[in-house]
Amino acid sequence: MIGTELCSLLGIKYPIFQGGMAWIATGELAAAVSNAGGLGIIGAGNAPPEVVREEIKKVKDSTDNPFGVNVYYMSPHVDEIISLVIEEKVPVITTGGGNPGKHVSALKNAGIKVFPVVASVALAKRLEKLGVDGLIAEGMECGGHIGDVATMPLVPQIVRTVNLPVIAAGGIATGEGLAAALALGAVGVQMGTRFICASECTVHRNYKEAVIKAKDRDTVVTGFSGHYVRVLKNKLAREFKELEARGASKEEFEELGAGRLKKAVLDGDIENGSVMAGQIAALVNEIKPAKEIIEEIIAEAKEVILRISRYIEN
Ligand code: TUI
């Protein structure tokens, strides 16, 4: 067993969060992860509240264990999603794509645990002052919308700056990654890419197969200043690179990107869709149930920690 203070804080068996990926992290996946002893998280993305309410219902119908919702701060529905999670008494909220500061006290008053994703030390400091319960330090190895610091330098800097539980994210999919995160001072990990390939993940099969096929250099970062997105290389990624090369405007990027994640996730169009995945995709090699993924990672991490402890000489 590997248990950390994160487990007692949230009432979960293992210190593993499943990334709240827009379109990908549905109620089915979140319920499977929570039933397996991790924290399953629904990705609200840009979805309207009625859609997210349905996903919350699916989780509540399938598990009594704690679960979360990820609120994406670039969504036009942020305020409504915050009201929804309060009304539904969702146990844990993670946030991404912006500063959730203005909602922290309302969420805390409702008894919700708040774990914002941060990609910088500056935002970590500001959010600690507002009373968040913990932070997810996300390095730029991860898939989707990214910051610009890698996990290995980001996590210990945030751990040394704040007095809060820190969860490491970005580039983690195995027990070695979990052990490394603990070594950096984190009390848990968040994994997105690995859970795309959970059997319970409802993403199109082509998307899962693209992740499984990916090798070390198969992701690329596309976008414009302040809005960078890591995806698997494909036709769409090449089109984004052409926009970058000719210094296209924010509007042109937004136009090219509109609806592309949905196209990959639901239609399985992995050439013209946005196939968001982290650099660790190369270590994701099979589709299996969330429970087996989690148990394998815990067993591997235990082995790694025991193995490296033998390097200590008396
Ligand atoms: O949010 C993510 N990753 C995501 S969201 C997403 S949905 C999407 N769909 C279509 C196109 C683009 C995105 C895909 N991947 N990760 C969490 C994250 N948050 N990474 C970076 C940040 C972040 C950025 C700025 C957090 C806070 C922040 O604050 C700026 C400030 O105000 O200081």
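Okay, here's what the table says:
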quantity: Over the stretch 205-279: Kirkwood hydrodynamic radius from C-alpha pairwise inverse distances, Å; calculated: 12.4
quantity: Straight-distance crosslink candidates among aspartates and glutamates, where the alpha carbon sits under 14 Å from K58 and sequence neighbours closer than 8 are dropped; calculated: E28, E50, E88, E200
quantity: Amide H contacts of S199 (H built 1.01 Å from N, under 5 Å, at least 5 apart or other chain); calculated: K288, A290
quantity: Whole-angstrom gap from the stretch 143-214 to the stretch 13-83, using each part's C-alpha centre; calculated: 17
quantity: Reciprocal of mean inverse Cα separation for the stretch 56-142 (Kirkwood radius, Å); calculated: 13.4
quantity: Residue-averaged [θ]222 nm for the chain, counting only DSSP H segments that reach four residues, each worth -39500 (n - 2.57); calculated: -12000 deg cm²/dmol
quantity: Distant alpha-carbon pairs in the chain (separation over 33 angstrom), percent; calculated: 18
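Read-outs throughout are calculated quantities, based only on the coordinates presented, and are distinct from any laboratory measurement. Predicted, not measured: the structure shown is a model, and the values here were computed from it.
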